Amino acid sequence: MQAMDIPRIDPVEPARFERDYRRPRRPVVMRGLVGEDELRHWSFDAIAAADRDLAVATHATRAGAVTADARRGIRTELRALAELLAQLGGGAPPSLYMMARLQDLPAAWRARIATPVYCADAPWLTSKVWLSPAGTVTLTHRDAADNLHLQLLGSKRFTLFDPSERASLYPNSLFSSVPHGCKVDPEAPDLLRYPRFRDARAERAELAPGDGIYIPRGTWHHVRTTMDSLSVNFWWARGARLPLVAGAALFKRLRRIG
Ligand SMILES: O=C(O)CCC(=O)C(=O)O
């Protein structure tokens, strides 16, 4: 696998984002997409003081990686935020990952998170807040909607593969419990079983607080939390793509796929 750096730019006007990145499906990192005023509100200590008893949606991780049950898919469980916060600080391998829908979090969280201008008017828009200890991994998968993922605290490393790299990644079958995932682990590829991965071309970026990465629809992505992290993402769709994206979201909900 060869990896190139994803371009890092200052935030651009929405029309330019549409023309240069969203329409041609080009990944980009915009630094400072979350302003200092918004970032200043966030710290793990403040979250612990205000919301330690809050029940939030989590996924179990094994050796840090979100894994799917062969029959039931990726299971969601409500756990106290205090349990997640207890995993921060680099002790044991993480076993829980918070992935809560923004709409399910208290009003104070929602008030502090601004929707990026690039998708604020989209008729289909959904958002999740992610809290993960260092060492947490989301295995390679792709989503039907366009996506902006914004770092609020800590850091994450994103490894992206263009849709044209599909064959090198050995996608899962549509009937698997993770039909939008693939078989190769880009961090430890088994090249005897998956030899085409040798020629795969990836793009990489490490996000720091304030950075936002645009992950175009259909782009495969693998994410490693490199420092205890809080982030938020926005998936959106408009126009002719909307029924497909809404259908895929319903399919995932019915099949209990994350
Ligand atoms: O940050 C992660 O661990 C996964 C993020 C992701 O899959 C997404 O934003 O679509």
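Derivation of every value follows stated rules applied to the coordinates shown; laboratory data play no part. Just so we're clear, the structure is a prediction, and the values are computed from it rather than from any experiment. Reconstructed Cβ throughout: ideal geometry from the backbone, glycine too, with neighbour counts over all protein chains shown.
Residue-wise test of (1) buried (at least 22 other Cβ atoms within 10 Å of the Cβ); (2) out of contact with any Pro (no Cβ under 9 Å at 6 or more places or on another chain); (3) under 24 Å from residue 103 (Cα atoms).
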site	(1), (2), (3)
151	yes, no, yes
162	no, no, no
193	no, yes, no
197	yes, no, no
214	yes, no, yes
229	yes, no, yes
237	yes, no, yes
241	no, yes, yes
246	no, yes, yes
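Test residue 248 against the criterion of being away from the ligand (no atom under 16 Å from the Cβ) and more than 23 Å from residue 30 (Cβ to Cβ), and give yes or no.
no
I'd like to verify a number: residues in the range 129-138 that are in a strand (DSSP E or B) and near the ligand (Cβ under 9 Å from one of its atoms), how many?
Residues flagged as in a strand (DSSP E or B) and near the ligand (Cβ under 9 Å from one of its atoms) within the range 129-138 amount to 4.
Hey, can you tell me all the residues within the range 215-224 that are more than 9 Å from the ligand (Cβ to nearest atom) and either of a type in the set (A, V, I, L, M) or over 10 Å from residue 160 (Cβ atoms) (or both)? Outline the logic, then answer.
Taking the range 215-224 first, the residues more than 9 Å from the ligand (Cβ to nearest atom) are 216-220.
Matches in the range 215-224: 217, 218.
Which of the following residues is polar (S, T, N, Q) and in a strand (DSSP E or B): 126, 115? Spell out how you get there, then give the answer.
Numbers: 115 fails: in a strand (DSSP E or B).
The conditions single out 126.
Restricting to the range 191-202, count the residues that are under 24 Å from the mean Cα position of the chain (by Cα) and not small (Gly, Ala, Ser). Working first, answer last.
Our first condition is that a residue be under 24 Å from the mean Cα position of the chain (by Cα); within the range 191-202, this holds for 197, 200-202.
Checking the rest, the ones that are also not small (Gly, Ala, Ser) come to 197, 201.
Matching residues across the range 191-202 total 2.
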